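Here is the structure we will look at.
The values are calculated or read from the model by the stated rules, or taken from the named source; none is laboratory data. Here the structure is a predicted model, which is why all the values come from computation and not from measurement. Quick reminder, even Gly has a Cβ in these numbers, built from the backbone with ideal geometry, and neighbours come from all protein chains shown.
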Amino acid sequence: MTHLFSKASWKIGDEALPKIIVVYDISNNKVREDFARFLQAHGLVRVQRSMFIGKVSSQTLKDIERRAFKTINMQRDVVHIVPLSVYEYQHMKVIGTPFTSLREEKTYVII
């Protein structure tokens, strides 16, 4: 079991940034992939296929909310934005291999 984020990884002033988890279930592949790229471009880290976590400014948080409202199908899709306290963020634990670690592994085929 490891801590997902350590105090040492924070930059000066990061303590003031809201910490959030964004989890979604979006049925349309293109919309889902665009939303994921949007979250990554705004500094969130993918920890599962449809789950991101990160420290964001209040403006970025508003941008994420607006993008979700604008792009998802309200009858079929859902986006959860969960705020985290500093304590919860610092004490988050990961059990197993995070999605980001799996994506970083390279597979080589020798022919």
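Pairs meeting the criteria (first residue in the range 80-100 and within 19 Å of Leu61 (Cβ to Cβ) and in a loop (DSSP other than H, G, I, E, B), second residue of a type in the set (Val, Ile, Thr) and modelled with pLDDT under 85, beta carbons under 9 Å, at least 6 apart or on different chains) are lacking.
Collect the residues in the range 31-77 that are among the small types (Gly, Ala, Ser) and either surrounded by 13 or more Cβ atoms within 10 Å (Cβ to Cβ) or without any contact (Cβ under 8 Å) to a residue 12 or more places away in the chain (or both), keeping them in residue-number order. Listed by number, the residues that qualify are Ala36, Ala41, Gly43, Ser50, Gly54, Ser57, Ala68. Of all positions in the range 54-72, at least one carries a residue that is in contact with a Lys or Arg (Cβ under 7 Å, 6 or more places away or on another chain) and assigned to a strand (DSSP E or B). For the range 22-43, what are the residues that are under 25 Å from Ile95 (Cα atoms) and either in a helix (DSSP H, G or I) or modelled with pLDDT of 95 or more (or both)? Across the range 22-43, the qualifying residues are Val22, Val23, Tyr24, Asp25, Ala36, Leu39, Gln40.
Matching residues to (1) among the β-branched types (Val, Ile, Thr); (2) out of contact with any His (no Cβ under 6 Å at 6 or more places or on another chain):
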{"residue": "Asp34", "(1), (2)": "no, yes"}
{"residue": "Gly43", "(1), (2)": "no, yes"}
{"residue": "Ser50", "(1), (2)": "no, yes"}
{"residue": "Thr60", "(1), (2)": "yes, no"}
{"residue": "Ile72", "(1), (2)": "yes, yes"}
{"residue": "Gln75", "(1), (2)": "no, yes"}
{"residue": "Ile81", "(1), (2)": "yes, yes"}
{"residue": "Leu84", "(1), (2)": "no, yes"}
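Only one of the numbered conditions (1) modelled with pLDDT under 95; (2) surrounded by 16 or more Cβ atoms within 10 Å (Cβ to Cβ) is violated by Gly96, and that is (2).
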